[in-house]
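The values are calculated or read from the model by the stated rules, or taken from the named source; none is laboratory data. In this text, all values refer to a predicted model and were calculated from it rather than measured experimentally. Here the Cβ is made from the backbone with ideal geometry for all residues, glycine too, and neighbour counts use every protein chain on show.
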Amino acid sequence: MKKATVPKFERIAPDARRARLIDASIACLAKGGIQGFTVDNICHEAGTSRGLITHHFGSKNALLAAIYASIYSKVLEKLARSETKPQSIDELVEMIFGDSSLSRDYLNVWLALWGEIAVNPALQVEHRKNYALYREHIARAISAFARGRGVTVDSYDVATILISLVDGLWLEQCIDQSLLSLDRAKDLCRRTLAAVLASQPDRRPA
């Protein structure tokens, strides 16, 4: 996350300016958590004036919501594209853990965002919307896996279990990789999902 140096005379399209402010904000959260998420820090990181945050987002709370949406967008796009939809449990787990936001660089970012969701209405709305989309895509993949095995599952419940497991295991391996490696975290997710699907009654005709 490199600091952008922007000459005062540089003209940038509004969408590019918004993206730069979001990237700068993520960098600030990664460095200092929610305490580092200040207007001065963001503007210094982005090389912009203070007024541009209000101009493009309206408020810091709205900027946090835009950050949340931006982080989710890449994995949602990947899960939505038909040519990259996971065809197996292994592919689904790799796709989830392979997202750039699940790197150790994002530990402080996620801790800051998760801590703010309960007290920030704008972020809460964004979280609910993106979580629902995320769970929807994963539930569809799980439903397809179950049909391939001839079993019936509550794909939304299983998706909720998987998302919670991914979040917890990713957090654990970020905190101390000597206790849990990333490969081990992936393996635990694969085994859990496989076990849940295997435990369901077989609906195929005899």
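Would you check which residues across the stretch 172-182 are aliphatic (A, V, I, L, M) and either surrounded by fewer than 16 Cβ atoms within 10 Å (Cβ to Cβ) or on the phi > 0 side of the Ramachandran plot (or both) and list them?
We begin by selecting, within the stretch 172-182, every residue aliphatic (A, V, I, L, M); these are 175, 179-180, 182.
Across the stretch 172-182, the qualifying residues are I175, L179.
Within the stretch 28-77, if we keep just the residues that are among the β-branched types (V, I, T) and at pLDDT 90 or above, the residue that is surrounded by the fewest Cβ atoms within 10 Å (Cβ to Cβ) turns out to be T38. Tell me the helices (runs of 4 or more DSSP H) entirely within the stretch 23-131 that contain at least 3 residues that are among the hydroxyl-bearing types (S, T, Y). Those helices (runs of 4 or more DSSP H) span 60-80. Take the conditions surrounded by fewer than 16 Cβ atoms within 10 Å (Cβ to Cβ), acidic (D, E) and not assigned by TED's automatic domain parsing to the domain that holds I26 and apply them to D187. Does it pass? Here the answer is yes, as D187 does meet what is asked.
Take the conditions basic (K, R) and touching an Asp or Glu at 6+ places or on another chain (Cβ under 7 Å) and apply them to R184. Does it pass? Let's see the steps before the verdict.
Working: basic (K, R): yes; touching an Asp or Glu at 6+ places or on another chain (Cβ under 7 Å): no.
In short, no.
Here the condition is being surrounded by 13 or more Cβ atoms within 10 Å (Cβ to Cβ), of a type in the set (G, A, S) and modelled with pLDDT of 85 or more; of A16, A24, it holds for A24 alone.
So, A80, is that one at pLDDT below 95 and over 17 Å from E136 (Cα atoms) or not? No. Taken over the stretch 129-160, the residue count meeting the criterion of being within 16 Å of the chain's Cα centre (by Cα) and among the β-branched types (V, I, T) is 2.
Identify, from the list V125, V109, the residue that is touching a Ser or Thr at 6+ places or on another chain (Cβ under 8 Å) and either more than 17 Å from C189 (Cβ to Cβ) or modelled with pLDDT under 95 (or both).
Within the list V125, V109, the selection yields V109.
Remark: pairs (first residue in the stretch 75-89, among the hydroxyl-bearing types (S, T, Y); second residue at pLDDT 75 or above; Cβ separation under 8 Å; 6+ apart in sequence or on different chains) = T84/K78; T84/M95; S88/F145. Contact annotation: residue pairs with Cβ atoms under 6 Å, 6 or more positions apart or on different chains, pairing a residue in the stretch 113-126 that is surrounded by 19 or more Cβ atoms within 10 Å (Cβ to Cβ) with a partner that is of a type in the set (V, I, T), are L123/I117. When residues in the stretch 145-162 are screened for being in contact (Cβ under 8 Å) with a residue 24 or more places away in the chain and of a type outside the set (K, R), 11 of them pass.
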